[in-house]
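Student: Here it is, the structure, as structure tokens.
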Amino acid sequence: MKNSLVVLVLTIVATFWFTGCSNSESSTSTQSFLEGGTYGNITAQTIEGSLETETMPFFGIVNPMNITTQGRDSSSQIFFPYGGIKSSYGEDYNKYGNTDTYANTMLKVRLYPNTDKIVSDTPVKMYLLSTAGGYINCITTSSDGELVLKQIMEISTQSLSSCVNTSYTVSSNTALEIALDLGEFKASSTYKFEMLWEIGDVIGFVQHRAGNFTDFSNAAFIGLNVTDTNPSTLPVNTYSSGSFLPVPNGFGFQNWGDDAYDLFTKEDIADGFGKESVCFIDNDTCVALNPFGYFLKINHDSIYQGINGLCYGYAMSSMMLKKNAYFDDKKFISDYNPLAQNAVELNYNDVNHMIASQYINQFSKGAKEYLNNTCPTFRPTDVITLIENGFNTFNPIAAIQVFNAKGLGGHAITPYAISDEGDSIKHIYVYDNNYPGDSSRYIEVNTTSGAEQWHYYSGLNAGSPGLSFEGAELNNTMCPMPLSIYSERDISVQEIDSTRFVDTNGVNAQVVDANGKISGADFSTLTNINNIPNTTLSKLTGSNNELTIADLNNSNDLADINATNLQNYLSGMFTVNAKFSTTDVNQTLGMIQSSILDSNISAAYYLRTGAIADINLSTMYTFKADATSRIVTFEHFTTSQSGVLQLMHYITMNNLGKGYIHEVEVSEDKLEQNSIGFFVKNNGEEVIVFEYNADTNASFNVLEADRYLISTQQLDSNGSVTKL
């Protein structure tokens, strides 16, 4: 990447030239203007470059189905944002920045226009915003020419009229680069930086989430945490503690969550779900994920929930670093960053893979067994005892998982001290990764015999609304996870000759076999039953169940589908019945199935409706699913009020060294019959979309290509991906 011949300048309102440096020659202060100082230097230029060669972190909209573009979403993104924070901890830029007090800190952003959305020569104004304490601010200048913050009450041309902006003209193969020298900070603090564009009379945020351009909650951002690295002190009344402290042993950056396309590596997926199932393999090496691997990476609850927070990964990783536990052949903190002596000095890029890897380990069989069967036997005082006994050992409690009593989510935090406050009250002091450097956070426990209870308040991640976490006696949703649990890697390896169903959030579902046997939800008692032979029913996170049916002895050989054999197919398929469990409006209805019937072929899909506006808890939705995961139907789809139905299908042909990922979307107004089906044929290369009448199992008809949308990607065993 190289700079263009002409350096772009900044404008303030109608002025054509602006240096952006608010530090006069006579001043020696380098305190950042963000915290009331006088220092700040902002510059901008256009640079030649491309999305394919950009090396800075991407922080825009990610669609994991877009494999060929590494997740970039051209259908929604106006500007593709890259950038981050650089500090004294290294030369790399991190989208979740970390800096010490009195350390030079730099922000840099590169914005590539989406030429599918913006034509060349379009004039654009770009604003850099800073958010702190819940207030949105733009950058403007004082009468002395110093950079200062101005609070924005609304997003409008009038409110932005006095804000510093970069005016430039869009051209292909170039990016707008904005650099902000932030100077130094004197105190611990938290900041976010967003970008706002103005094209003509339209204003919008550079987005991280598709949606309304002016909705601040959709804005892409770079985070910055300033953390004083002086060690934390133990709280008053501490009577038991270990050697771990929030500073310097916790991370200096916040748990914002992350949905980066490359956050989870192919090795993570292989360790958790079985290399033979998820990889194209050469000489026992995972060369690349196959379509089944991408199915798990995109759809498995343990992975796609990473955007909501990676708290368990933060908690477990920080303790692993403290105890010099091995990860990726690294043991000491200096192995991750030679400039760091403690975890608080590490950058997000240094350990994001470690954090992500430990995050998904909470879904391992060993961790789930401990969470579901061991922790329910603990009262709050038992948890305190386990924490105390683990202090200063090689196997301390590395993470306390806490859950909201209403099922709204959970969080994970690291205990480091216990205090006795008198009157049967004890405090479990914790490093909360949502609040780096904060040594004042604690779980309050009432240890009164027969009336034990506890309470804690935090969020799913650093940016989410706060939640109350609480429990009492054996109704105790506080689970202390020992460090040794991190070595467990098997999440959910699916065996050959099996098919697996996973229900989705907000839905109760049951599977019925051809003999009428039922496994899953009993709708009359709202309990789980399991009557299908050779079936394992296990609980995942939240309300999700995983149902695996083994020893199927089914063939992967499927003839074509037509009006003559439709009834034969339907009669031998599983019936999946589903009901919504909540009346929340605009929920989607989803169905997930995966099948490995022999070593040559694996197939899986995620079938989901559009948002259903009027939820009725008594309404039954019915699907038909073949054991091969290559035929699936939704009966009475035209009365579901969902508008659209989307199928994401993944099939791997190991014997041919290739596979396919299909994305199909059908609108109910395109159908003439009441039910719709999908049939995958020709070694996975083709998807037949058909309709029929579920009341008679007749009136079969194949839909013409202009009645639905489809996109297909071919994956080859050498790792190449081709969009067909």
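Student: Can you find, within region 600-615, the residue that is surrounded by the fewest Cβ atoms within 10 Å (Cβ to Cβ) among those that are of a type outside the set (G, A, S) and modelled with pLDDT under 85?
Tutor: That would be D614.
Student: Output the strands (runs of 3 or more DSSP E) that fall wholly within region 592-669 and possess 2 or more residues being of a type in the set (G, A, S), or say none.
Tutor: 601-609, 658-667
Student: Right, here's the next one. State all residues of region 389-407 that are surrounded by fewer than 18 Cβ atoms within 10 Å (Cβ to Cβ) and more than 21 Å from the chain's Cα centre (by Cα); if no residue qualifies, say none.
Tutor: N389, F391, N392, T393, F394, N395, A405, K406
Student: Select from region 670-724 the residues that are of a type in the set (V, I, T) and in a loop (DSSP other than H, G, I, E, B) and list them in ascending order.
Tutor: Hit for region 670-724 is T696, nothing else.
Student: Right, another one. Could you tell me how many of the residues in region 497-508 are touching a strand residue (DSSP E or B) at 6+ places or on another chain (Cβ under 6 Å) and modelled with pLDDT of 90 or more?
Tutor: Looking only at that region, the number is 4.
A quick yes/no check of all residues on (1) assigned by TED's automatic domain parsing to the domain that holds T68; (2) crowded, with 18+ Cβ neighbours inside 10 Å; (3) touching a helix residue (DSSP H, G or I) at 6+ places or on another chain (Cβ under 8 Å):
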site: T619; (1), (2), (3): no, no, no
site: F623; (1), (2), (3): no, yes, no
site: L645; (1), (2), (3): no, yes, yes
site: H649; (1), (2), (3): no, yes, no
site: V664; (1), (2), (3): no, yes, no
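Student: Sticking with this structure for a sec: Restrict the check to region 55-65 and report whether at least one residue is part of a loop (DSSP other than H, G, I, E, B), touching a residue at least 60 places away in the same chain (Cβ under 8 Å), farther than 25 Å from D350 by Cα and in the same structural domain as T30 (by TED's automatic domain parsing).
Tutor: So far as region 55-65 goes, yes, one or more of its residues are part of a loop (DSSP other than H, G, I, E, B), touching a residue at least 60 places away in the same chain (Cβ under 8 Å), farther than 25 Å from D350 by Cα and in the same structural domain as T30 (by TED's automatic domain parsing).
Student: Picking from E177, E154, which residue would you name as being of a type in the set (D, E) and assigned to a strand (DSSP E or B)?
Tutor: E177
Student: Follow-up. Select, from K95, K192, K125, the only residue that is among the basic types (K, R) and either in the same structural domain as P248 (by TED's automatic domain parsing) or touching a Pro at 6+ places or on another chain (Cβ under 7 Å) (or both).
Tutor: Being among the basic types (K, R) and either in the same structural domain as P248 (by TED's automatic domain parsing) or touching a Pro at 6+ places or on another chain (Cβ under 7 Å) (or both) holds for just one of K95, K192, K125, which is K95.
Student: L51: buried (at least 19 other Cβ atoms within 10 Å of the Cβ) and among the hydrophobic types (A, V, I, L, M, F, W, C), yes or no?
Tutor: Considered against the rule, which asks whether it is buried (at least 19 other Cβ atoms within 10 Å of the Cβ) and among the hydrophobic types (A, V, I, L, M, F, W, C), L51 comes out as no.
Student: Now a separate question. Could you tell me whether region 426-443 includes any residue that is modelled with pLDDT of 95 or more and in a helix (DSSP H, G or I)?
Tutor: Scanning region 426-443, I find no residue that is modelled with pLDDT of 95 or more and in a helix (DSSP H, G or I), so the answer is no.
Student: Have a look at N237, N218 and point out the one that is free of Cβ contacts under 8 Å to residues at least 40 places away in the same chain and surrounded by fewer than 19 Cβ atoms within 10 Å (Cβ to Cβ).
Tutor: Checking each option against the conditions leaves just N218.
Student: If I go through region 195-215 residue by residue, how many of them are more than 17 Å from D258 (Cβ to Cβ) and in contact with a strand residue (DSSP E or B) (Cβ under 7 Å, 6 or more places away or on another chain)?
Tutor: 11
Student: Still on this structure: When you look at Q587, is it touching a residue at least 40 places away in the same chain (Cβ under 8 Å) and either surrounded by fewer than 21 Cβ atoms within 10 Å (Cβ to Cβ) or in contact with a Ser or Thr (Cβ under 6 Å, 6 or more places away or on another chain) (or both), yes or no?
Tutor: yes
Student: A follow-up question, please. So which of T447, T381, T385, T377 ends up being of a type outside the set (A, V, I, L, M, F, W, C), over 16 Å from F244 (Cα atoms), in contact with a strand residue (DSSP E or B) (Cβ under 6 Å, 6 or more places away or on another chain) and surrounded by fewer than 22 Cβ atoms within 10 Å (Cβ to Cβ)?
Tutor: T447
Student: Scan region 482-537 for residues that are among the acidic types (D, E) and part of a strand (DSSP E or B) and jot them down.
Tutor: D522
Student: Would you be able to tell me the number of residues in region 471-481 that are in contact (Cβ under 8 Å) with a residue 40 or more places away in the chain, surrounded by fewer than 14 Cβ atoms within 10 Å (Cβ to Cβ) and not in a loop (DSSP other than H, G, I, E, B)?
Tutor: 0
Student: Just checking, which of I360, I307, I333 is among the β-branched types (V, I, T), crowded, with 20+ Cβ neighbours inside 10 Å, at negative phi and touching a residue at least 24 places away in the same chain (Cβ under 8 Å)?
Tutor: I360
Student: With the structure loaded, tell me whether S555 is in a loop (DSSP other than H, G, I, E, B), small (G, A, S) and at pLDDT below 75 or whether it fails that test.
Tutor: For S555, the condition - in a loop (DSSP other than H, G, I, E, B), small (G, A, S) and at pLDDT below 75 - is met.
Student: I need a count of the residues in region 572-584 that are surrounded by fewer than 20 Cβ atoms within 10 Å (Cβ to Cβ) and of a type in the set (F, W, Y).
Tutor: The total comes to 1.
Student: Follow-up. For region 502-514, does any single residue satisfy the condition of being over 22 Å from the mean Cα position of the chain (by Cα) and surrounded by fewer than 17 Cβ atoms within 10 Å (Cβ to Cβ)?
Tutor: Scanning region 502-514 turns up at least one residue that is over 22 Å from the mean Cα position of the chain (by Cα) and surrounded by fewer than 17 Cβ atoms within 10 Å (Cβ to Cβ).
Student: Return only the number of the condition from (1) in a strand (DSSP E or B); (2) without any contact (Cβ under 8 Å) to a residue 60 or more places away in the chain that K117 does not satisfy.
Tutor: For K117, the failing item is (1).
Student: Give me a count of the residues in region 644-661 that are within 14 Å of L607 (Cα to Cα) and touching a Gly at 6+ places or on another chain (Cβ under 6 Å).
Tutor: Qualifying residue count for the region: 1.
Student: Ok, one more. Quick one: what pairs do we get from region 157-174, first residue at negative phi, second basic (K, R), C-beta under 8 Å, 6+ apart or different chains?
Tutor: S162/K150; C163/K150; N165/K125; T166/K125; S167/K125
The values are calculated or read from the model by the stated rules, or taken from the named source; none is laboratory data. The structure displayed is predicted, hence computed values, not measured ones. Neighbour counts run over all protein chains shown; Cβ positions are idealised from the backbone, glycine included.
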